[in-house]
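S.K.: One structure, as structure tokens, below. Some questions next.
The values are calculated or read from the model by the stated rules, or taken from the named source; none is laboratory data. These numbers come from a predicted model, not from an experiment. No Cβ is skipped: glycine too gets one built from the backbone with ideal geometry, and neighbour counts run over all protein chains shown. In case anyone asks, the SASA skips ligands and DNA or RNA and just uses the protein heavy atoms, side chains included. Shrake-Rupley method; radii C 1.70, N 1.55, O 1.52, S 1.80 Å.
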Amino acid sequence: MKPRYRKGIAKFLLQILLSTAIIVIIHIAMSGMYLIGVPQIKNVEKVSISYPAVTDEIKVISDAEQIELALKLSGFLKYSLFKDADTNEAPLIMITYYTSDGDVIEVSANRETVWWKGNAHAIKEPILFINCTEGIFFIDNLDAKE
């Protein structure tokens, strides 16, 4: 291959790389950043979910389908990179993932803020995570409380 072609190919690949980076940055700015490090379903043995404002019961889930739902809930915790989190309110819901290799991964959130790996972040779509978690795991407790 002649040097002229190599230079053209390198320039083309650099343009593709830069374009992709710009698109990813715009997407994250518009949609929010996903929680990085949420375990994969095949690695999770059980999940515990607590919602002290509704019930003192801590739900422990070991059913694969329910574990998958609990993992998918973390997708509603996309956070804004450019907005400061309100840390004045305490978390409402705490989810703990217990993995097969012994790791314990915790995420907690209230209507506006998610706490992940020791950092608080402003949730991009407030209230959605709480409403979904209530509807999936705590609907019976909410009905009983009313």
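S.K.: For the stretch 35-44, indicate whether the set of residues that are at pLDDT 90 or above, of a type in the set (G, A, S) and not in a loop (DSSP other than H, G, I, E, B) is non-empty.
M.R.: Of the stretch 35-44, the ones at pLDDT 90 or above are 35-44.
Imposing the further condition that a residue be of a type in the set (G, A, S) reduces the set to 37.
Now drop any that are not not in a loop (DSSP other than H, G, I, E, B), which leaves none.
Looking through the stretch 35-44, none of the residues is at pLDDT 90 or above, of a type in the set (G, A, S) and not in a loop (DSSP other than H, G, I, E, B).
S.K.: Quick check on my filter: what residues within the stretch 104-116 are among the acidic types (D, E) and either in a strand (DSSP E or B) or modelled with pLDDT of 95 or more (or both)? Give the derivation first.
M.R.: Within the stretch 104-116, the first condition is being among the acidic types (D, E), and the residues that meet it are 106, 112.
If the condition is that a residue be among the acidic types (D, E) and either in a strand (DSSP E or B) or modelled with pLDDT of 95 or more (or both), then E106 is the only one that fits.
S.K.: Considering every residue within the stretch 10-29, establish whether at least one is within 18 Å of the chain's Cα centre (by Cα), of a type in the set (G, A, S) and under 21 Å from T133 (Cβ atoms).
M.R.: No; the residues of the stretch 10-29 include none that is within 18 Å of the chain's Cα centre (by Cα), of a type in the set (G, A, S) and under 21 Å from T133 (Cβ atoms).
S.K.: Somewhere in the stretch 66-74, is a residue surrounded by 13 or more Cβ atoms within 10 Å (Cβ to Cβ), over 13 Å from the mean Cα position of the chain (by Cα) and among the β-branched types (V, I, T)?
M.R.: yes
S.K.: Within the stretch 45-55, is there a residue that is β-branched (V, I, T), modelled with pLDDT of 95 or more and under 23 Å from the mean Cα position of the chain (by Cα)? Working first, answer last.
M.R.: We begin by selecting, within the stretch 45-55, every residue β-branched (V, I, T); these are 47, 49, 54-55.
After this cut, where a residue has to be modelled with pLDDT of 95 or more as well, the list is 47, 49.
Those still in the list that are under 23 Å from the mean Cα position of the chain (by Cα) too: 47, 49.
Yes, the conditions are met somewhere in the stretch 45-55.
S.K.: Taking the condition of being surrounded by fewer than 19 Cβ atoms within 10 Å (Cβ to Cβ) and in a loop (DSSP other than H, G, I, E, B), how many residues in the stretch 92-102 meet it?
M.R.: 3
S.K.: Would you tally the residues in the stretch 16-55 being open to solvent by 60 Å² or more (accessible area, probe 1.4 Å) and aliphatic (A, V, I, L, M)?
M.R.: Within the stretch 16-55, residues that are open to solvent by 60 Å² or more (accessible area, probe 1.4 Å) and aliphatic (A, V, I, L, M) number 11.
Per-residue answers, yes or no, for (1) touching a residue at least 60 places away in the same chain (Cβ under 8 Å); (2) crowded, with 18+ Cβ neighbours inside 10 Å:
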position	(1), (2)
V104	no, no
V107	yes, yes
N119	no, no
I130	no, yes
G135	no, no
